[in-house]
Amino acid sequence: MGRSDPEGQLPAPVKPPDGGWGWIVLLGCFVITGFSYAFPKAVSVYFKELMKDFHVGYSDTAWISSIMLAMLYGTGPVCSIMVNQFGCRPVMLIGGLLASAGMILASFTTNIIELYLTAGVLTGLGMALNFQPSLIMLGTYFDKRRPLANGLAAAGSPVFLSSLSPLGQVLLEKFGWRGGFLIMGGLLLNCCTCGAVMRPLDMGMKRKMGKAQDKYEAKEMLPIGGKSEEGISTADGTKKGKKGKKKPKKGKKLLDFSIFSNRGFIIYTISKFILVLGLFVPPILLVNYAKDTGVPDTEAAFLLSIIGFIDIFARPACGMVAGLKWVRPHVAYLFSFSMLFNGLTDICSARASNYTGLVIFCVFFGISYGMVGALQFEVLMAIVGSQKFSSAIGLVLLIEAFAVLIGPPSAGRLVDALKNYEVIFYLAGSEVVLSALFLGVASYCCLNRGKKEPLPENNPSAGGGSDTEEAESDVQEAEEHSSDNHQPAQSTDNAVVVANEEANHVAEEQRGEGGGCPAGDGEVLARDGCNADQMVERDSF
């Protein structure tokens with residue numbers, strides 16, 4: 001994107017610090033992820049009291065959690081537009097207030113419809129406005145350690161699930177469901193604290209490198225002669241004089257649909273849709289499946305705790321593995337393996353007929369489920385890059401929303417019709433395996449095709465309106481302007497040397513910090529300050 005992005009928007013990234021304040025951002029993302037995924041499940045402890053007070057059935061109260069999840073997934077494009085327009089921090093602050101207000105208002109409701117609108121729609125929207133921007137900020141603060149950061153942030157889901165459910169039970173016993181909702185609303189105000197720490201990165205280095213790059217490109221494009229010095233100075237003047245005219249061109253798109261031209265993104269989206277159809281079915285049906293096989297209620301409920309406990313350690317561990325130098329360029333294949341592992345676990349456990357078999361299933365399911373959770377957003381960041389991640393995640397979540405509304409409800413209807421859980425586990429596992437095979441095979445084919453098609457020189461990274469293109473147009477305008485008044489200049493060589501030295505100095509700084517990828521004398525500096533790992537990841541798609 002252009003350098004005229006407002007301060008509140010997500011501009012072209014500078015070198016991620018991979019630490020420092022990024023650890024505070026990671027902590028905020030950990031909390032946000034925990035609330036977003038665990039809260040819709042944790043409120044289920046209040047359902048029996050709600051059924052008694054409002055005289056409704058279990059399916060009616062279950063719609064509260066369903067609406068929360070639908071808002072979390074379905075409002076993805078809306079969140080993307082708001083982030084691109086206003087930035088991450090303001091959106092997260094508003095989201096925290098909405099999430100808290102929804103639960104506080106829900107404590108005063110008098111019927112189930114009002115609960116749908118407050119706890120369901122309002123709180124769900126607030127959590128959505130926190131979840132997506134937190135992942136975007138995590139991608140801007142981490143690069144080399146990004147897989148580990150994603151794994152640690154994803155661990156917030158099982159940690160909060162194991163904490164919020166017992167807390168909700170205690171609050172229900174001491175204060176009732178209304179008092180519990182009120183206190184839960186107060187806890188959600190912590191989302192505002194997490195949003196407050198999401199400060200944007202300093203843009204000073206980006207402006208410095210962009211200025212030197214403009215002069216360097218002008219020196220390379222203009223012929224050696226009397227117009228060089230005048231062209232360089234005129235290019236700077238033209239850019240300043242026409243800043244207002246260039247602004248619409250440089251402005252960040254509210255929702256960038258050009259990502260659909262990325263083959264890797266299309267492959268990821270299709271595989272993720274198939275994955276979600278079957279991924280959440282086994283943990284939803286596991287307790288009832290265990291009860292039908294003769295397992296006592298307390299031991300059946302403990303199975304979910306086993307999955308959560310294993311999940312807590314599986315996500316950070318998988319993030320560490322994905323960050324290894326020899327693994328990270330092939331992280332898409334690791335994600336495909338994790339999905340294959342999860343699907344085969346479902347299929348192999350379909351015939352489990354005793355408690356020991358179900359415990360073994362929970363252990364392996366917790367490992368594979370944690371791997372999928374730790375890698376899903378890391379792979380998306382590697383495909384589209386941090387610039388377009390805000391638009392990409394919004395569109396992906398919207399597509400996943402349809403799968404969430406299709407998969408688990410369809411499985412429930414099949415159980416009612418067939419009275420057989422074995423078929424459901426086979427079906428869910430087959431869907432997950434299919435998604436894994438599609439991602440692995442399609443990625444491999446695209447990788448081979450990418451190797452056969454050499455990339456053109458001076459081709460900027462994905463995205464429209466790059467700084468290089470803008471600099472070229474400015475130099476052309478400067479050349480036309482100076483063609484009528486061109487005079488031989490004695491200081492042409494000096495101007496060329498100064499521009500070249502300034503560009504090389506910035507290149508050496510970026511190379512010394514490990515955050516740039518400078519080219520040779522005849523090549524344009526990389527616009528994003530990308531490193532070798534980033535280039536390998538994106539080239540693999």
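The values are calculated or read from the model by the stated rules, or taken from the named source; none is laboratory data. The structure presented is a predicted model; accordingly, all values stated were derived computationally and were not measured. All Cβ positions, glycine included, derive from the backbone under ideal geometry; neighbour counts span all protein chains shown. Keep in mind that these areas ignore ligands, DNA and RNA; they rest on the heavy atoms of the full protein, side chains included. Shrake-Rupley method; radii C 1.70, N 1.55, O 1.52, S 1.80 Å.
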Accessible area in the full protein assembly, largest first, 1.4 Å probe, for 145, 89: 145, 89
Output the pairs from 144/388; 41/291; 174/291; 41/272 with a Cα-Cα distance over 26 Å in this structure; if there are none, say none. 174/291
Return the sequence-ordered ³J(HN,Hα) values of segment 107-123 in whole Hz as given by the Karplus equation 6.51 cos²θ - 1.76 cosθ + 1.60 applied to θ = phi - 60°, using x for Gly and Pro. 6, 10, 6, 10, 8, 5, 5, 5, 5, 4, 6, 8, 5, x, 6, 5, 5
How big is the accessible area of residue 108 in square angstrom, nearest 10, if you roll a 1.4 angstrom probe over the protein chains? 140
Sorting 21, 63, 177 by accessible area (1.4 Å probe), largest first, what list results? 63, 21, 177
When the Karplus curve 6.51 cos²θ - 1.76 cosθ + 1.60 is applied with θ = phi - 60°, which whole-Hz ³J(HN,Hα) does each residue of segment 401-407 get, with x for Gly and Pro? 4, 5, 5, 5, 6, 9, x
Roughly what would the spin-label model give for residue 190 and residue 363, points 7 Å off Cα along C-beta, in nm? 3.2
In whole Hz, with x marking every Gly and Pro, tabulate ³J(HN,Hα) for segment 146-159 from phi via Karplus 6.51 cos²θ - 1.76 cosθ + 1.60, θ = phi - 60°. 5, x, 5, 4, 5, x, 5, 5, 5, 5, x, 5, x, 5
Starting from the Kirkwood Rh over alpha-carbon pairs, what translational D in µm² s⁻¹ does segment 256-449 have by Stokes-Einstein at 4 °C and 1.567 mPa s? 75
Separation of the residue 52 and residue 325 label points, Cα + 7 Å toward Cβ, nm: 6.3
When the solvent-accessible surface of protein heavy atoms is calculated with a 1.4 angstrom probe, in what order do 60, 292 fall, highest first? 292, 60
Residue 113 - accessible surface, heavy atoms, 1.4 Å probe, Å² rounded to 10: 100
In what sequence, highest mean first, do 431-439, 321-329, 413-421 appear when ranked by Cβ atoms within 10 angstrom? 431-439, 321-329, 413-421
Out of 344, 356, 386 - ranked by how far each Cα lies towards the positive end of the dipole of segment 256-449, with unit charges on the beta-carbon of charged residues - the top one is 386
How many nm is it between the label spots at residue 85 and residue 261, if each spot is 7 Å from the Cα in line with the beta carbon? 2.5
